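Quick notes on the structure that follows.
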Amino acid sequence: MRRLQAVTSIAAIAAVSACAPALAHTTAGRGAAAGTVTGKLQIEGGPIGTNGQQPGKRPAPGTVRFTSTRHHRVTVRVGDSGTFSVQLPAGTYTACSLSEGASGPCSKARQVTVTARHTTRIAFIFYVP
């Protein structure tokens, strides 16, 4: 009976591991406790509307790139809602963003500290003249 329990437990662990997100191979520190980073990409400004005003903040699709102090990179694609969430091993990262369709280097780089079992919130705003 104990052998059956042990085999069942190992099978359950293997099944859970197989269903886990592909984060383990994209993170800087395997086995490190993870924290969550959530945030928004927004755009503000643009052509003057019929009301004579520039548009206010609104969600924007794009990409957010996190680079660890060991130069390992994790890229998060952000959809039309402008919101994103990613789990990363605890540590310090440089985070930067690109609006959808933009090429070239990231803009608005900032330092983000990820704390194990905590959520860090960040926001990026793209200003359009």
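The values are calculated or read from the model by the stated rules, or taken from the named source; none is laboratory data. Because the structure is a prediction, the values reported are computed rather than measured. Glycine gets a Cβ as well: all are built from the backbone with ideal geometry, and neighbour counts include every protein chain shown.
Checked against the criterion of being buried (at least 17 other Cβ atoms within 10 Å of the Cβ), polar (S, T, N, Q), out of contact with any His (no Cβ under 7 Å at 6 or more places or on another chain) and at pLDDT below 95, region 53-61 has no qualifying residue.
Tallying residues that are touching a Ser or Thr at 6+ places or on another chain (Cβ under 9 Å) and surrounded by fewer than 18 Cβ atoms within 10 Å (Cβ to Cβ) within region 77-95 yields 7. Looking across region 29-52 at every residue that is closer than 23 Å to THR83 by Cβ and aliphatic (A, V, I, L, M), the one that is modelled with the lowest pLDDT is identified as ILE43. Hey, does region 81-97 have a residue that's modelled with pLDDT under 90 and closer than 22 Å to ALA123 by Cα? The answer is no, given that none of the residues of region 81-97 is modelled with pLDDT under 90 and closer than 22 Å to ALA123 by Cα.
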